[in-house]
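The values are calculated or read from the model by the stated rules, or taken from the named source; none is laboratory data. Not measured: the values here are computed from a predicted model. In this analysis, Cβ positions are derived from the backbone assuming ideal geometry, glycine residues included, and neighbour counts consider all displayed protein chains. In case anyone asks, the SASA skips ligands and DNA or RNA and just uses the protein heavy atoms, side chains included. Shrake-Rupley method; radii C 1.70, N 1.55, O 1.52, S 1.80 Å.
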Amino acid sequence: MSDKNSDINISETSLINKATSSSNNLTERIHTSTTNDYINEKLGSVEEVSSFDYVQEAAKTGRFRRWADSFKRAEKSTEAEDGESGSIYNGNESTELKKAMKSRHVVMMSLGTGIGTGLLVANAKGLAISGPAPLVIGYGLVSFITYFMIQAAGELGVTYASLPGNFNVYFGTLVSRPFGFATVWLASVQWLTVIPLELITCAITIKYWTEKVNGDIFVLIIYVFLLFIHIFGVKAYGEAEFLFNTCKILMIAGFIILSIVINVGGAGNDGYIGGSYWNNPGAFASDNAASRFKSICYILVTGYFSYGGTELFVLSVNEQENPRKSTPQAAKHSIYRILVIYLLTMILIGFNVPHDSDQLMGSAGSSAHASPYVLAASLHGVKVVPHFINAVILIALISVANSSLYAAPRMMVSLAQQGFAPKFLTYVDREGRPLLGIAVCAVFGVIGFAASSDKEEDVFTWLAAIAGLSELFTWSAFFLSHIRFRQAMKVQGKNIKECGYLSVTGIWGSIIGLCFNILVFIAQFWVALSPIGNDGKCDAQAFFQSYLAFPIWLAFYFGCMFYYKDYTLLNPLESIDLDDHRRIYDPEELKKEDLATKAELKRRGFHAQLVAFFC
């Protein structure tokens, strides 16, 4: 009997020990998801509450705490991707930005990002003072340069996909420190000014519907909405841009169809239009050859402004899941963007909107100025559709402001990492948000509340003066960096086939692009000094409204040179560190991968090959 009792006692003791062990494990798990302070302060000992209530409360607290902790500074990682370590400027510091950008985001961004003020609104002024022919010629020339830039940027972007600071670091490393400092600071200023520029343009666009409501009310709504998106990080930005750009692409497609129908007399009140506006009021707004050439020069900078933002797909490389796949796709799809979204729509606007319309921005007539895309329908009596177009234009403007709120903080982070800006701007939280950079952008965005002023178009002109010409500097820096990269690879005896993506246009595309940009700088100086319609007279205000970015760049360049006592014009090719954060691909493996892809496409048939070729 005693033996049985002994066995029972042993069994009970065993069960108690197991229960105690389970309880301890449960308590240990709970302690790992919360803090001891929280347990002692809020819940007391574990025995005083039920396990279910405690775990439920801890889970709630965990979610809140994770959200609150996400705003804390991200921990530094000493190991870069692919086993690489080291940053060009900061030793072993690597990027804290999140890889939440998917290929579909990047592809849609390559098609739609940048379709905003320059293309949809500012072209009204170009059409008014130049005419349709300069518009088409100017955009045609800039389109070639845009494709060259995308190829050069794509090669560098995939090669240095994990580089902290992204393309902002190329310029200082491959060219010189003062050049990189001046170019990146100017680009940062550009994107800072784009935020209020787009907000003001939104208010101008809304005036198509009503002028009774104060424009600052709409600015405030859009301003808060944009900040709300970026509080949720890069994933929210990517999804928002995917939606915005989808709307823009669909609007452009609808506009093309509608414009053709209107022009041939299938809609509207004017019957067949054809090319009548190219005869009356004419293809050019000027009468003499010099003025016509000057009008083409004027459109060139407008074209760069319109294509602004095309380079942002490279800025997002650090946050792409597969840059070697998404970057070539984005480069390929940019061809359609150039041919259809820009060139074709410019031609159609020239056919359907007379350059002497008093509703165009830059004209001296109507107080309410509309986008030429809206006028292409409304001038011919088409109802309802212009309102849809204007609504999508508003979405497009919000999209560009959203892109600028993405680009500017990341450029400031890069500048701070390189030691070119206050160190507090390096703050990136655990969700990859450059919070303090976003705060600086929010302060600059307050300029957008000038929308209620009667000088809103003057403010628009001054802000656009910085944004337009600064694209020339950024793209020229891409071309020069790509040329120097290829030259350094050759001088140092490195295999160019180790790059994951090679520019289709090669080094010669970058040389042609750089030379063309230099000519545009010269042409724009002439146009700025002696504006169109000023009878050859010089105008100081007009000069700075067109050429403001140039003296700003010079101030940054020489300021950096004298402050850091670095008078280097070009870094020696043999001393450029090409391997720091460079992804080195095995040429043989790349060749096998390409052959395998071709074999798979061939197996899937002609349809798959056709889709792969065009998409």
In a helix (DSSP H, G or I) and open to solvent by 20 Å² or more (accessible area, probe 1.4 Å): which single residue out of Leu480, Leu469 fits that description? Leu480
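What's the total number of residues in the stretch 422-439 that are open to solvent by less than 20 Å² (accessible area, probe 1.4 Å), assigned to a helix (DSSP H, G or I) and farther than 9 Å from Met412 by Cα?
The qualifying residues number 1.
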Would you call Thr183 part of a helix (DSSP H, G or I) and at pLDDT below 90? no
Confirm whether Asn214 is touching a Ser or Thr at 6+ places or on another chain (Cβ under 9 Å), in the same structural domain as Pro372 (by the TED database), farther than 17 Å from Val400 by Cα and not basic (Lys, Arg). yes
Only one of (1) over 19 Å from Leu360 (Cα atoms); (2) touching a residue at least 40 places away in the same chain (Cβ under 8 Å); (3) open to solvent by 20 Å² or more (accessible area, probe 1.4 Å); (4) of a type in the set (A, V, I, L, M) is not met by Val459, so which one is it? (1)
Within the stretch 370-409, residues open to solvent by less than 30 Å² (accessible area, probe 1.4 Å) and outside any helix (DSSP H, G or I) come out as Ala370, Ser371, His380, Gly381, Val382
Output the number of residues of the stretch 147-163 satisfying the condition of being among the hydroxyl-bearing types (Ser, Thr, Tyr) and surrounded by fewer than 24 Cβ atoms within 10 Å (Cβ to Cβ). 2
